[in-house]
Amino acid sequence: VQLQASGGGSVQPGGSLRLSCTASGSGFGIRLMGWHRQAPGKQRELVAAITAGGTTNYPDSVRGRFTISRDNAKNTVYLQMNDLKPEDTAVYYCRLLTTPSGAYWGQGTQVTVSS
C-alpha cells in the first residue's frame, strides 16, 4: 500500500488550501483515512479523520474551518482548509488504516501560513 499526498503550499492568513491523498495497491480495504500535522518542536496531532462509513472527526482547533471528504472510487481523501491561521503551519501527513489490519503514513506536505 502506498499513499501519495499533494496540495501543500504557502498562503496568507485567511487563505485556503486543499490537500489530497490517494491510496494505491491491492488486497486491502480502507477502514479510515485522515490527516495529521506536525509543527516544529511539537508532537504530531490529528487534524481530521473520516471512516469508511463517512463519520468525521476534528479537533476543536480546526472544526468549522477544515473539511475532510472522500472519493471512494478513487481511494482518495481530501482536506479543504479555509480561514488558515499562522498556527496551522506544519507538515501535514496522510494516514490510512486498512483491513486486514494495517496502518500507513504518506509523505508529508508542507503548509505555511504567513503574511
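Using the Kirkwood radius over C-alpha pairs as Rh, can you work out the diffusion coefficient of segment 33-84 via Stokes-Einstein at 37 °C, viscosity 0.692 mPa s, in µm² per second?
281 µm²/s
Quick one: net charge around ARG44, please, counting Lys, Arg +1 and Asp, Glu -1 for every other residue with C-beta under 12 Å from its C-beta.
+2
Over the chain, with a single point scatterer placed on each C-alpha, what log10 of the ratio I(q)/I(0) does the Debye formula yield at q = 0.09, 0.10, 0.23 1/Å?
Calculated log10 I(q)/I(0) at the listed q: -0.22, -0.27, -1.32.
Since every read-out is calculated from the coordinates, none of them should be taken as a lab result. Just so it is clear, the structure is predicted and the values come from calculations on it, not from any experiment. No Cβ is skipped: glycine too gets one built from the backbone with ideal geometry, and neighbour counts run over all protein chains shown.
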